1. Could you state the principal axis extents of the C-alpha atoms in the chain, from the largest down, to the nearest angstrom?
2. Can you put Val74, Val85 in order of accessible area, largest first, using a 1.4 Å probe?
3. Starting from the amide H of Ser111, placed 1.01 Å from N in the peptide plane, find each other amide H under 5 Å away whose residue is 5 or more places distant or on another chain.
4. Counting only other residues whose beta carbon sits under 15 Å from that of Phe100, what net charge do I get with K and R as +1, D and E as -1?
5. Could you compute how much accessible surface Tyr62 exposes when probed at 1.4 Å, giving the result in Å² to the nearest 10?
6. Less than 19 Å from a label point 7 Å out along the Cα-to-Cβ axis of Asn30: which backbone N atoms in the stretch 43-73 qualify, by residue?
7. Work out how much length Ile50 to Thr7 would gain on full extension: take 0.36 nm times their residue separation and subtract the Cα-Cα distance, in nm to one decimal.
8. Could you please put Thr52, Thr7, Thr45, Thr57 in sequence from largest to smallest accessible area, using a 1.4 Å probe?
Amino acid sequence: MPRFKTTFNGYSVKFSPFIESRLAVATAQNFGIIGNGRLHILEMTPGGLIETAAFDTADGLYDCAWSEENENIVLAASGDGSVKVYDLAAPPMANPLRVFKEHRHEVSSLSSVAASPTLHLQ
């Protein structure tokens, strides 16, 4: 069983619907009570899990979801009340592509559904 150690506590793991060896991991520092977050993009290889991208945030990340329409788009639910949209095909400094700050408190879960292109936030 492959393993990957994150520096923060893991909150969510989602496999890509397009690339079966790719997964996203949402993490939060200090068990999500206070501190930063990081979104890890991992690839499963014969040699184990390797990190292909990582995005730091000022607040913890509680959930993530892959777009069901684009293999490079991943969403992250943040403790600051925002949903961040990342594009793996864009340069690292261009990410997050969008930040939707629509909540007063943390966003604890989200999903992206191809049949309905809107985000479902809780």
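The values are calculated or read from the model by the stated rules, or taken from the named source; none is laboratory data. The structure presented is a predicted model; accordingly, all values stated were derived computationally and were not measured. Glycine gets a Cβ as well: all are built from the backbone with ideal geometry, and neighbour counts include every protein chain shown. Calculation scope for accessible area: heavy atoms of the full protein, side chains included, ligands and nucleic acids excluded. Shrake-Rupley method; radii C 1.70, N 1.55, O 1.52, S 1.80 Å.
1. If we take the Cα atoms of the chain, the spans are 43, 36, 26 Å.
2. My answer, sorted largest first, is Val85, Val74.
3. Residues meeting the criterion, in which the H sits 1.01 Å from N, are His120.
4. -2
5. 40
6. 56-63
7. 14.0 nm
8. Thr7, Thr52, Thr45, Thr57
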